[in-house]
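Peer 1: To start, I am sharing the structure in question, which I have written as C-alpha cells.
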Amino acid sequence: MRPRPGEVLHFSEDPTITFFRPHVAATARQPEAYVWAVDGARAPDYWFPRQCPRVMAWAVPGASAADRERILGPGGGDRVHAIEYGWVERFLGVELFAYRLPAAAFRPFGGPAPHAYVSTAPVEPLGPAEPVGDLLELHADAGIQLRVLDRLQVFWDAVRAGSLGFSGIRLGNAAPAR
C-alpha cells in the first residue's frame, strides 16, 4: 500500500473517518496540532497495528558495509523491521486501512529528510478508507525482512549506534529491557 502521485497516506484501524482534524497526539514531542501522513518511502513504517512497538532500519548512502552486515544481515536486502513475539498475533490479525489524502495540503516534517507530512488545516480524504491487506505479504512483496524478537531494546540500541537509517515507533509499548 503506497500513495499514488499527488497523495500521502494516513493509516488507521478505523475505517469510518470522513474528515481529519489537526490534533496534538498523545505521543507528540511538539505542541502544535497536526494531521499526520506519510509518503511512499515511509509508508512501510505504518504497516503495523497502531500501538505495536517496532524498530526499522534501512540502507542509506554512506552506511558502512559492517553495519549493513551486522543489522541487515547477509543477503537480507536493504530494509529490516522488527517486532516482539508478544505482538505477532495482533500483527497477523489486525485489519488496517489507508486513507489517501491530497499531498498539496501537507508540508514535510522532520529533516533533513522528512519522516512525515503534516497539515495544520482539516483534511478530507480523497475517498473511503482502503483495506491494506495482509501485512506479512506487504512486507514480503516489498522485500522487507520482518524479524520477531523477544525484546526490541538490544536491537534498537544496535541500530541507533550504527550508520544505517532507522526509526522506532511506539517503543514505550515494548517489553522492558532485561
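The values are calculated or read from the model by the stated rules, or taken from the named source; none is laboratory data. Keep in mind it's a predicted model, so treat the numbers as computed, not measured. Backbone-built Cβ (ideal geometry, glycine too); neighbour counts: all protein chains shown.
Peer 1: Please identify the pairs in which a residue from the range 1-27 that is at negative phi has its Cβ atom under 6 Å from the Cβ atom of a residue that is assigned to a loop (DSSP other than H, G, I, E, B) and among the aromatic types (Phe, Trp, Tyr), counting only partners at least 6 apart or on another chain.
Peer 2: Going by the 6 Å Cβ cut-off, the qualifying pairs are 8/106.
Peer 1: Turning to a different aspect of this structure: Being farther than 20 Å from residue 49 by Cβ and under 14 Å from the mean Cα position of the chain (by Cα) is the requirement here; does residue 114 meet it? Lay out the reasoning, then the answer.
Peer 2: Details: farther than 20 Å from residue 49 by Cβ: yes; under 14 Å from the mean Cα position of the chain (by Cα): yes.
For residue 114, the condition - farther than 20 Å from residue 49 by Cβ and under 14 Å from the mean Cα position of the chain (by Cα) - is met.
Peer 1: Please verify whether the range 62-83 includes one or more residues that are surrounded by fewer than 18 Cβ atoms within 10 Å (Cβ to Cβ) and at pLDDT 95 or above. First the steps, then the outcome.
Peer 2: So the first thing to find is which residues in the range 62-83 are surrounded by fewer than 18 Cβ atoms within 10 Å (Cβ to Cβ), and the list is 62, 64-66, 69-70, 73-78.
Subset that is at pLDDT 95 or above: none.
Looking for residues that are surrounded by fewer than 18 Cβ atoms within 10 Å (Cβ to Cβ) and at pLDDT 95 or above, one finds none in the range 62-83, hence no.
Peer 1: Right, next: Restricting attention to the range 69-114, which residues are under 13 Å from residue 10 (Cα atoms) and of a type outside the set (Gly, Ala, Ser)?
Peer 2: Those that are under 13 Å from residue 10 (Cα atoms) and of a type outside the set (Gly, Ala, Ser): 96, 97, 99, 100, 101, 102, 106.
Table: residues versus (1) more than 17 Å from residue 63 (Cβ to Cβ); (2) of a type in the set (Ser, Thr, Tyr); (3) out of contact with any strand residue (DSSP E or B) (no Cβ under 8 Å at 6 or more places or on another chain).
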| residue | (1), (2), (3) |
| --- | --- |
| 134 | yes, no, yes |
| 147 | yes, no, no |
| 152 | yes, no, no |
| 159 | no, no, no |
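Peer 1: May I pose another question? Restricting attention to the range 75-95, does a residue exist that is within 16 Å of residue 39 (Cα to Cα) and hydroxyl-bearing (Ser, Thr, Tyr)?
Peer 2: Filtering the range 75-95 for residues within 16 Å of residue 39 (Cα to Cα) gives none.
Within the range 75-95 (the criterion being within 16 Å of residue 39 (Cα to Cα) and hydroxyl-bearing (Ser, Thr, Tyr)), the answer is no, since none of the residues qualifies.
Peer 1: Another question, if that's okay. Quick check on residue 54: is it closer than 16 Å to residue 136 by Cα, within 13 Å of the chain's Cα centre (by Cα), among the charged types (D, E, K, R) and modelled with pLDDT of 95 or more? Working first, answer last.
Peer 2: Values: closer than 16 Å to residue 136 by Cα: yes; within 13 Å of the chain's Cα centre (by Cα): yes; among the charged types (D, E, K, R): yes; modelled with pLDDT of 95 or more: yes.
In short, yes.
Peer 1: I want to confirm something. Restricting to the range 138-178 and keeping residues that are closer than 20 Å to residue 86 by Cβ and among the aromatic types (Phe, Trp, Tyr), which single residue is surrounded by the most Cβ atoms within 10 Å (Cβ to Cβ)?
Peer 2: Selected residue: 156.
Peer 1: Something else: How many residues does the range 14-61 hold that are charged (D, E, K, R), surrounded by fewer than 18 Cβ atoms within 10 Å (Cβ to Cβ) and more than 25 Å from residue 102 (Cβ to Cβ)?
Peer 2: 1
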